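Heads up: the structure comes next, in structure tokens.
The values are calculated or read from the model by the stated rules, or taken from the named source; none is laboratory data. Note that this is a predicted model, so its numbers are computed, not measured. Neighbour counts are summed over all protein chains in view; Cβ atoms, including those assigned to glycine, are modelled from backbone coordinates with ideal geometry. Each accessible area value is taken on the protein alone, full model and side chains, heavy atoms only, with ligands, DNA and RNA left out. Shrake-Rupley method; radii C 1.70, N 1.55, O 1.52, S 1.80 Å.
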Amino acid sequence: MKIICSKSNLLKSVSISLKAVPSKTTMPILECILIDATTNQIKFTTNDMELGIETIVEGTIEEKGMVALNAKIFYEIIRRLPDNDVTIKTDEKFAATITCEKAKFNIPGKSGEDFAYLPMIERDEPLTISQYTLKNMIYQTIFSIAVNDNNKLMTGELFEIKDNCLKIVSLDGHRIAIRKMPLKKDYSDRKVVVPGKTLNEISKILSGEMDDVVSIFFTNNHILFEFDQTMVVSRLIEGEYFRIDQMLSSDYETKLSINKKEFLDCIDRATLLVREGDKKPIIIHITDGSMELKIDSAMGSMNEDIDIEKEGKDILIGFNPKFLIDALKVIDDEIIDIYLVNPKAPCFIRDEEETYTYLILPVNINQNQAR
């Protein structure tokens, strides 16, 4: 095999491919990137058996062939080469020679025949949306997935198409994040749970441009994202997702409208007095026209008032400040609405159209200490 590509094209493609290379594996072939130049295109493929990526690289094929090279070493070599054309040549024993200007590297390769190819996905009825929208919807929900694997379903996000609306949901037992978007054409109803790892990696590769589209294909076990000459295939998480509709309520005793930036900045200041790992709640006292925020820790205390518009009852309630910050950070609205029932019931932050909904469970606080 002999191919010639510009360093910038190689680096872009290797960086994308690297996202599906496992950090630890008992199968050395999975640590490789498959360079396939057996057709009229140069393709890079990586696969960690959960997530697989195939991307097409711009370049010239002088001799057709295929080789599997250690992905991390290949990436580090390409990254450090001069900004010029790079030639990759292999011999019959799969040894690769990488040259660029006066730099020349020789590294061992493997036969591409042993490589774990990506599963074939039936391409029918794609969901087509803008890369900007998908990237944004992931960003506005991914922080609510669970990090540990006690419940596998919590480590993924629900993608549901119903009544021509795409809904993405994540939850971790303390909070729920929901984003909805009406679709421009008719789609069949779908319901799958996509691993959080896949979505994290996808959102790093998506361009985020409004005019660029991504096509999403679903099967029973896999999801395929296709965009910009790149395919990302991921296994789905099996099981029935939580019935979140039972947790959502439109009842409230207190509704307040507040400037999002003021509220976020205030909580951010309060967390200066909380050490990493301390579970100190921020205590919020809502009265007519005012919200008082308090925090008390071994490092000191702070309180601050913010002007609000309020309907309904006064309330004293405590929250984990991180959960509030995570939700507020991803909302674009200048003024937000918060709905509360009582000090033990979840609070809801949502807009009127319910394009976003954030449910956060409160923390138990001693009412006397809080005053």
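So that you can scan it fast, the table gives a plain yes or no per residue for (1) open to solvent by less than 50 Å² (accessible area, probe 1.4 Å); (2) in contact (Cβ under 8 Å) with a residue 40 or more places away in the chain; (3) closer than 30 Å to residue 169 by Cα:
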{"site": "314", "(1), (2), (3)": "no, yes, no"}
{"site": "319", "(1), (2), (3)": "yes, yes, yes"}
{"site": "322", "(1), (2), (3)": "no, yes, yes"}
{"site": "325", "(1), (2), (3)": "yes, yes, yes"}
{"site": "338", "(1), (2), (3)": "yes, yes, yes"}
Residue under evaluation residue 29, criteria (1) outside any loop (DSSP other than H, G, I, E, B); (2) in contact with a Lys or Arg (Cβ under 9 Å, 6 or more places away or on another chain); (3) open to solvent by 20 Å² or more (accessible area, probe 1.4 Å); (4) at pLDDT 95 or above, criterion not met = (4)
query = (1) part of a loop (DSSP other than H, G, I, E, B); (2) within 30 Å of residue 151 (Cα to Cα): which one isn't true of residue 233, the others all being true?
reply = (1)
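Among the residues of the range 67-111 satisfying the criterion of being assigned to a loop (DSSP other than H, G, I, E, B) and touching a Phe, Trp or Tyr at 6+ places or on another chain (Cβ under 9 Å), which is most open to solvent (accessible area, probe 1.4 Å)? Before the answer, list the steps.
At the first step, the residues of the range 67-111 found to be assigned to a loop (DSSP other than H, G, I, E, B) are 81-84, 91-95, 101-102, 108-109, 111.
Next, from what is left, pick out any that are touching a Phe, Trp or Tyr at 6+ places or on another chain (Cβ under 9 Å): 81, 108-109, 111.
On the way: 81: 9, 108: 109, 109: 20, 111: 28 Å².
Per the criteria, the residue is 108.
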inquiry  = Which pairs turn up if I take residues in the range 70-81 that are farther than 11 Å from residue 44 by Cβ and free of Cβ contacts under 8 Å to residues at least 24 places away in the same chain and look for partners that are of a type in the set (Val, Ile, Thr) and open to solvent by less than 70 Å² (accessible area, probe 1.4 Å) with beta carbon separation below 9 Å, at least 6 apart in sequence or on another chain?
reply    = none
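Sort through 59, 65 and tell me the only one that's over 15 Å from residue 230 (Cβ atoms), in contact with a Cys (Cβ under 7 Å, 6 or more places away or on another chain) and either of a type outside the set (D, E, K, R) or modelled with pLDDT of 95 or more (or both). First the steps, then the outcome.
On the way: 65 fails: in contact with a Cys (Cβ under 7 Å, 6 or more places away or on another chain).
Every option except 59 fails the conditions.
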Flag for residue 15 being touching a residue at least 24 places away in the same chain (Cβ under 8 Å), open to solvent by less than 50 Å² (accessible area, probe 1.4 Å) and among the polar types (S, T, N, Q) = yes
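Looking for something basic (Lys, Arg), at pLDDT below 95 and over 24 Å from residue 49 (Cβ atoms) - is there at least one such residue anywhere in the range 175-189?
Just the residues of the range 175-189 that are basic (Lys, Arg), to begin with: 175, 179-180, 184-185.
Filter once more, so that each one left must be at pLDDT below 95: 184-185.
Checking the rest, the ones that are also over 24 Å from residue 49 (Cβ atoms) come to 184-185.
Yes, the range 175-189 contains a residue that is basic (Lys, Arg), at pLDDT below 95 and over 24 Å from residue 49 (Cβ atoms).
Which residue, of 248, 256, is closer than 17 Å to residue 358 by Cα, at pLDDT 90 or above and buried (at least 18 other Cβ atoms within 10 Å of the Cβ)? Full working, then the answer.
Details: 248 fails: buried (at least 18 other Cβ atoms within 10 Å of the Cβ).
Step by step, each of 248, 256 is checked, and only 256 is closer than 17 Å to residue 358 by Cα, at pLDDT 90 or above and buried (at least 18 other Cβ atoms within 10 Å of the Cβ).
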key: Selection within the range 227-249 - touching a residue at least 60 places away in the same chain (Cβ under 8 Å) and over 25 Å from the mean Cα position of the chain (by Cα)   = 249
note = residue 45 meets each of (1) at pLDDT below 95; (2) touching an Asp or Glu at 6+ places or on another chain (Cβ under 6 Å) with one exception, condition (1)
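What number of residues within the range 52-66 satisfy the criterion of being open to solvent by 10 Å² or more (accessible area, probe 1.4 Å), in a strand (DSSP E or B) and not hydrophobic (A, V, I, L, M, F, W, C)? Give the steps one after another, and end with the answer.
Start the filter on the range 52-66 by keeping residues that are open to solvent by 10 Å² or more (accessible area, probe 1.4 Å), which leaves 54, 56, 58-66.
From what's left, in a strand (DSSP E or B): 54, 56, 60-63, 65-66.
From the residues that got through so far, the ones that are not hydrophobic (A, V, I, L, M, F, W, C) too are 54, 60, 62-63, 65.
Number of matching residues: 5.
Of 265, 251, which residue is acidic (Asp, Glu) and part of a helix (DSSP H, G or I)? Walk me through how you get there before you give the answer.
On the way: 251 fails: part of a helix (DSSP H, G or I).
Exactly one residue qualifies, and that residue is 265.
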The range 85-105 residues that are of a type in the set (Phe, Trp, Tyr), paired with ones that are open to solvent by less than 90 Å² (accessible area, probe 1.4 Å) (beta carbon under 7 Å, 6 or more apart) = 94/67; 94/109; 94/110; 94/111; 105/77; 105/98
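Out of all the residues in the range 37-51, which are surrounded by fewer than 22 Cβ atoms within 10 Å (Cβ to Cβ) and either acidic (Asp, Glu) or assigned to a strand (DSSP E or B) (or both)?
Going residue by residue through the range 37-51, those that are surrounded by fewer than 22 Cβ atoms within 10 Å (Cβ to Cβ) are 38-41, 43, 48-51.
Of everything in the range 37-51, those that are surrounded by fewer than 22 Cβ atoms within 10 Å (Cβ to Cβ) and either acidic (Asp, Glu) or assigned to a strand (DSSP E or B) (or both) turn out to be 43, 48, 50, 51.
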